[in-house]
Amino acid sequence: RLSEKHVFLSRAYGVSATMAEEAKKRAGYAAVDNHIQNNQVVGVGSGSTIVYAVDRLAERVRQEKLNIVCVPTSFQARQLILQRGLTLSDLDRHPELDVAIDGADEVDSALTLIKGGGGCLTQEKIVAGCAKHFIVIADFRKDSKSLGQQWKKGIPIEVIPMAHVPVTRVIEKRFGGEVVLRMAVSKAGPVVTDNSNFLLDWKFEKSHNWKEVNTAIKMIPGVVETGLFVNMAERVYFGMEDGSVRIR
Ligand code: 5RP
């Protein structure tokens, strides 16, 4: 079943959802085949693209009898690891990971990422930060020269619930644009993260120095984490429309 986000992305890009799914699968498979070896501790990202990577990982573990331990980045990732019969661990037992694989909402030419479309940015950033290699998998719709060209929903920011109004005001005043509180699809209330926090989406108006902006936003009291991943991704695998995989 396609998420609301992926229906939106396919329409915006004018491609069939099936083509995008194929591209996600090819990226996920290629990353697992190129970066996973026996006896590794692997960080498992969140979203829909990672599902293909975990499928391939589970297949290889079965066929090649690999000894792989997985550390999840969300409740979704935890369930996925268990459902596919993989070995589940955590950062208490495995604080150092060999590799983390995760999706992204947008990737610019410097490999700066926007993540958190699914709301799991904080745990994703923690796990990626613990990994020797952070590998990103995405379909061609996420490939962008500069952030904001493809992903129109803004930069996700996880905040302590009581701080969402002051954080909104500070970001709008200092950096411009518009900040919206992410609401549940039912509109019954705000989305609540795996860490029991709220999410803001900052719709920025212009390009910024993302490293500086990321640091500045993180300094605002009440901000837990931002969906800006600067200088973290080592390699990105894009599944392309023509069936190829482009590695950057
Ligand atoms: C969740 C994320 C996801 O990795 C990102 O939204 C990409 O998801 P998908 O693979 O479904 O496009 O950051 O917080």
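Structure notes:
- With respect to the conditions (1) of a type in the set (Asp, Glu); (2) more than 12 Å from the ligand (Cβ to nearest atom); (3) under 25 Å from PRO156 (Cα atoms), ASP33 lacks only one, and its number is (3).
- If the condition is being farther than 14 Å from GLY28 by Cβ, open to solvent by less than 60 Å² (accessible area, probe 1.4 Å) and in a helix (DSSP H, G or I), then segment 53-78 contributes only VAL61.
- Screening LYS5, LYS24 for residues that are within 11 Å of the ligand (Cβ to nearest atom), closer than 24 Å to ARG182 by Cα, part of a helix (DSSP H, G or I) and of a type in the set (D, E, K, R) leaves exactly one candidate, LYS5.
- Taking segment 164-200 as the range and being modelled with pLDDT of 95 or more, among the β-branched types (Val, Ile, Thr) and either part of a loop (DSSP other than H, G, I, E, B) or open to solvent by less than 40 Å² (accessible area, probe 1.4 Å) (or both) as the test, the residues that pass are VAL167, THR168, ILE171, VAL179, VAL191, VAL192, THR193.
- Taken over segment 39-51, the residue count meeting the criterion of being within 14 Å of the chain's Cα centre (by Cα) and either part of a helix (DSSP H, G or I) or more than 16 Å from ALA27 (Cα to Cα) (or both) is 4.
- Just one of the listed residues (GLN150, GLN123) is surrounded by 17 or more Cβ atoms within 10 Å (Cβ to Cβ) and at pLDDT below 95, namely GLN150.
- Cβ pairs under 8 Å, 6+ apart, first in segment 25-52 and over 16 Å from ALA128 (Cα atoms), second open to solvent by less than 20 Å² (accessible area, probe 1.4 Å) and among the polar types (S, T, N, Q): ALA27/THR49; GLY28/THR49
- Qualifying residue in segment 61-73 (condition: within 14 Å of the ligand (Cβ to nearest atom), touching a residue at least 60 places away in the same chain (Cβ under 8 Å) and in contact with a helix residue (DSSP H, G or I) (Cβ under 7 Å, 6 or more places away or on another chain)): no
The values are calculated or read from the model by the stated rules, or taken from the named source; none is laboratory data. The structure displayed is predicted, hence computed values, not measured ones. Please note: Cβ atoms are built from the backbone with ideal geometry, for glycine as well, and neighbour counts cover all protein chains shown. Each accessible area value is taken on the protein alone, full model and side chains, heavy atoms only, with ligands, DNA and RNA left out. Shrake-Rupley method; radii C 1.70, N 1.55, O 1.52, S 1.80 Å.
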